[in-house]
Amino acid sequence: MSERLIDYANRLATTQDVQPPGISPPRLTLSTLPVIAEADALQITLSDFHQLKGCAAQSLIAERNTTLGKLQAPSQRFLYQRALLEALGTCQTSNSDDTLVKKLAGWQQDLQARQPYSIARLVDQSREITNSLTNSGQGIVSEESYSASLAAFSYLARVVTQQVKADSKTLETHLQQIDRQRLPKRLYNQFKMQAHYLNALNDWQNNLTFTCPNGRAGKSVEYAVNVFNRYFIQGIQADAGQANQLYYTLMPTLETLKSVELVSPEFRTNIDAITLAFNASQQAIREHVTFWQDVYRRCEIKPGKR
């Protein structure tokens, strides 16, 4: 995108026999996400643990206390807690010991109160989601299909709002797809670059004089219009249109994730930054197009003329 915008500026400058604007690359970093402290594990005595024999909750609790269990990724910890909640409920209905049933209900209530922490950690502590917001380098939206990435974010939003019950294979597959394309950061990069380079170009071209004696375009104006049509309308604006469509599709899902209780302020700030970059890009494009619409009007050039 930056190369295309710089090439466009150079070609416009050549038509007017002037120096192109000198534009430094923009800063494309978003906030690093902090670590969210995990809620303490359930406190269950050894004697209570042995009373759970024959109940699925016993094996789940034992699994949590292994070395691997303690190192679970946020996505697996989220699934584990959902499974344990369900198992504690099942144990209550299948047990006749009133004292144990009361303890099981207490553990279930305690674990349910910790769910917001588990969901928040899934959303902004999963490595794949963190990468999609902060670590895509200079990548921008390309011509590849992003349908799988959009579907992955949609699935994640439905999981955290409990519209669908997640399973390990499906959740991990979608997280891997999110990490593979890192669409949120790509959109941020593209909008940020579009706004940065076009704002500089707009300031530069506002100082140029496109004269049209008697309402007729001279050769230099015709050449400039050709460059605008070929390199901006057919190139830069077309790329911007694709990114805009992806933004409109993705943002409702990101807003859902942003509204999750206990996600970090930095996560919300990063989502907002994408919208701010989008709005700035749209404004820069509008100003650029308005400038050329005025040239078309003053020089009596029909749209599409080359």
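Would you confirm whether any residue within the stretch 131-144 is crowded, with 22+ Cβ neighbours inside 10 Å and among the hydroxyl-bearing types (S, T, Y)? Scanning the stretch 131-144 turns up at least one residue that is crowded, with 22+ Cβ neighbours inside 10 Å and among the hydroxyl-bearing types (S, T, Y).
Annotation: V164 fulfils all but one of (1) touching a helix residue (DSSP H, G or I) at 6+ places or on another chain (Cβ under 7 Å); (2) more than 30 Å from D17 (Cα to Cα); (3) at pLDDT 90 or above; the unmet one is (3). The set of residues in the stretch 226-274 being surrounded by fewer than 17 Cβ atoms within 10 Å (Cβ to Cβ), free of Cβ contacts under 8 Å to residues at least 40 places away in the same chain and more than 21 Å from Y155 (Cβ to Cβ) consists of I233, Q234, A238, G241, P265, D272.
Is it fair to say V159 is assigned to a helix (DSSP H, G or I), under 30 Å from A87 (Cβ atoms), of a type in the set (A, V, I, L, M) and out of contact with any Asp or Glu (no Cβ under 9 Å at 6 or more places or on another chain)? Give the steps one after another, and end with the answer.
On the way: assigned to a helix (DSSP H, G or I): yes; under 30 Å from A87 (Cβ atoms): yes; of a type in the set (A, V, I, L, M): yes; out of contact with any Asp or Glu (no Cβ under 9 Å at 6 or more places or on another chain): yes.
Taking the combined requirement at face value, the residue satisfies it.
Using the structure shown, decide if S154 is within 30 Å of Y248 (Cβ to Cβ) and modelled with pLDDT of 90 or more. Judged against the criteria, S154 is a match. Restricting the first member to the stretch 39-64 and to residues that are under 25 Å from I119 (Cβ atoms) and part of a helix (DSSP H, G or I), and the second to residues that are of a type outside the set (S, T, Y) and modelled with pLDDT under 75, the beta-carbon pairs closer than 6 Å and six or more apart or on different chains are E63/G69. For the stretch 155-191, the candidate set comprises residues that are buried (at least 18 other Cβ atoms within 10 Å of the Cβ) and among the polar types (S, T, N, Q); within that set, the residue that is nearest to N10 (Cα to Cα) is Q190. All conditions in (1) within 30 Å of H196 (Cβ to Cβ); (2) modelled with pLDDT of 90 or more; (3) under 36 Å from the mean Cα position of the chain (by Cα) hold for Q19, with the sole exception of (3).
Take the conditions (1) outside the structural domain of S259 (by TED's automatic domain parsing); (2) farther than 21 Å from S264 by Cα; (3) crowded, with 21+ Cβ neighbours inside 10 Å; D98 misses just one of them, which is (3). Does Q194 meet the test of being of a type outside the set (A, V, I, L, M, F, W, C), in the same structural domain as A57 (by TED's automatic domain parsing), surrounded by 14 or more Cβ atoms within 10 Å (Cβ to Cβ) and assigned to a helix (DSSP H, G or I)? For Q194, the condition - of a type outside the set (A, V, I, L, M, F, W, C), in the same structural domain as A57 (by TED's automatic domain parsing), surrounded by 14 or more Cβ atoms within 10 Å (Cβ to Cβ) and assigned to a helix (DSSP H, G or I) - is not met.
The values are calculated or read from the model by the stated rules, or taken from the named source; none is laboratory data. All of these numbers come straight from a predicted model, not from anything done at the bench. Counting neighbours? That spans all protein chains shown, and the Cβs are built from the backbone with ideal geometry, glycine included.
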